[in-house]
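Report on one structure; see the data block that follows.
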Amino acid sequence: MSLVAKPRVNKSEIQEASARTNTFTITIVTETYLPEVNGVSNTLSHLVEGLLRYPNVSVQLVRPGQSTCDTSLQKDCFEEFVVQGLPIPGYTEMHFGLPCKNRLLKLWREKTPNAIYIATEGPLGLSALKAAKQLSIPVLSGFHTNFHSYIQHYHLPWAKPLVFRYLRKFHNKTAGTLAPSEFQAQQLRSEQFENVQVMGRGVDIELFSPEKRDQTLRESWGLKPDDIALIHVGRLSAEKNIDLAIQAFEQVRKQKPKTKLVIVGEGPICGELKRNADPQIVLCGKKSGEELAKHYASGDVFLFPSMTDTFGNVVTEAMASGLAVVSFDYAAGQMHIKPGVSGYLAPLGDQQKFIDLCIHAVTQKEKLKSIKIQSRLVAETLGWNSIVEQFKSTLEKIR
């Protein structure tokens, strides 16, 4: 039978089927997922892991293939549905999903989810939105990436109004949009995004811990026990403002010549950094899991110079690792850092103040010790369980 000839799915039928099986089925649609390393994949992996702890919840993940041999996976209450994707220009290790509305219609007619969460607004996300609307399946969306801000770093300012118009139209067709911080939510509301709610981010305080500090690793960076390691973790790309971290490091060295800057991550500007980097800058490449946790904990002051992230999971990971964070006053920093107590915040856009705070952090030895302790204590209150419960509850309300 052709897809066109099949009947439209009735919302009441979905609810009745769910009641009979006593299972709440959630579909998550995303352009990125593990083992890709970024804030979106990290957040979604924690949400999936948390949801699967509920005995009456099943999760379907729709994502593009990450390699030619990538296939769908199905086990217990978790199912992956892999669609065709292509590498993102400039981000070749990541893929975007191609339009696939008909495939999703077929998938969801055969097994209809109770609610759909669309995490990304690319061709795959748009296909999912159209298919869900046609089948009357409730949809929630997430605002995970500041695409409209990123394009300023790629010399396409003329495209910003077009991108914003598309994003607003996309999100306003869903039952609501989850933003990671009140700062981000207010920005979206001011641009006429409707039904915006805040859903923060948690942090794995068992993985990221001061106890993972490794003096042998620090020695490999050329540091003695009392030397300072500034550290940055994240994607190495233009919109992350890495140049500011380097400028801050150069000024810090005038006060503390033995200080090192440790950069963990990969990305489009990695080659440029390798060609031009100061010998005192340690480029570690991409790290994950226990190795990443060890790198975090072996630093002292975490530099977060970005002004485009919607949240900044690396901020809370650094805090959990017992680091003093220097950030701009927005997103994760604004939510979780008390200035001068559990970290340092510069006014958004004030790059000189950011540099001054970096210098202050490394030259106030006793204060630095206190802030590192307080940073960890704050992180210990940021577990994922409450975030997952909020996510599940929000999806249950829209069905």
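Laid out as a table, the results:
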quantity	calculated
Residue in region 226-248 that is over 28 Å from the mean Cα position of the chain (by Cα) and surrounded by fewer than 15 Cβ atoms within 10 Å (Cβ to Cβ) present	yes
Qualifying strands (runs of 3 or more DSSP E) (wholly inside region 256-348; at least 2 residues being out of contact with any helix residue (DSSP H, G or I) (no Cβ under 6 Å at 6 or more places or on another chain) and buried (at least 17 other Cβ atoms within 10 Å of the Cβ))	260-264, 281-285
Count of residues meeting criterion [open to solvent by less than 50 Å² (accessible area, probe 1.4 Å) and closer than 30 Å to G383 by Cβ] in region 213-225	3
Residues satisfying the stated conditions in region 109-131, i.e. open to solvent by 20 Å² or more (accessible area, probe 1.4 Å), assigned to a helix (DSSP H, G or I) and not basic (K, R)	E110, P123, L126
Among the residues listed as E366, E380, E317, E396, the single one being without any contact (Cβ under 8 Å) to a residue 24 or more places away in the chain and among the acidic types (D, E)	E366
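This table checks each residue for (1) open to solvent by less than 70 Å² (accessible area, probe 1.4 Å); (2) in contact with a Pro (Cβ under 6 Å, 6 or more places away or on another chain); (3) at pLDDT 75 or above; (4) on the phi > 0 side of the Ramachandran plot.
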site: K133; (1), (2), (3), (4): no, no, yes, no
site: P138; (1), (2), (3), (4): yes, no, yes, no
site: F143; (1), (2), (3), (4): yes, no, yes, no
site: F147; (1), (2), (3), (4): no, no, no, no
site: I151; (1), (2), (3), (4): yes, no, no, no
site: A159; (1), (2), (3), (4): yes, no, no, no
site: L162; (1), (2), (3), (4): no, no, yes, no
site: R165; (1), (2), (3), (4): no, no, yes, no
site: A179; (1), (2), (3), (4): yes, no, yes, no
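The values are calculated or read from the model by the stated rules, or taken from the named source; none is laboratory data. The structure presented is a predicted model; accordingly, all values stated were derived computationally and were not measured. FYI the Cβ positions are ideal-geometry reconstructions off the backbone, even for glycines, and counts take in every protein chain you see. Just so you know, the surface numbers come from the protein's heavy atoms only, side chains and all, with ligands and any DNA or RNA stripped out. Shrake-Rupley method; radii C 1.70, N 1.55, O 1.52, S 1.80 Å.
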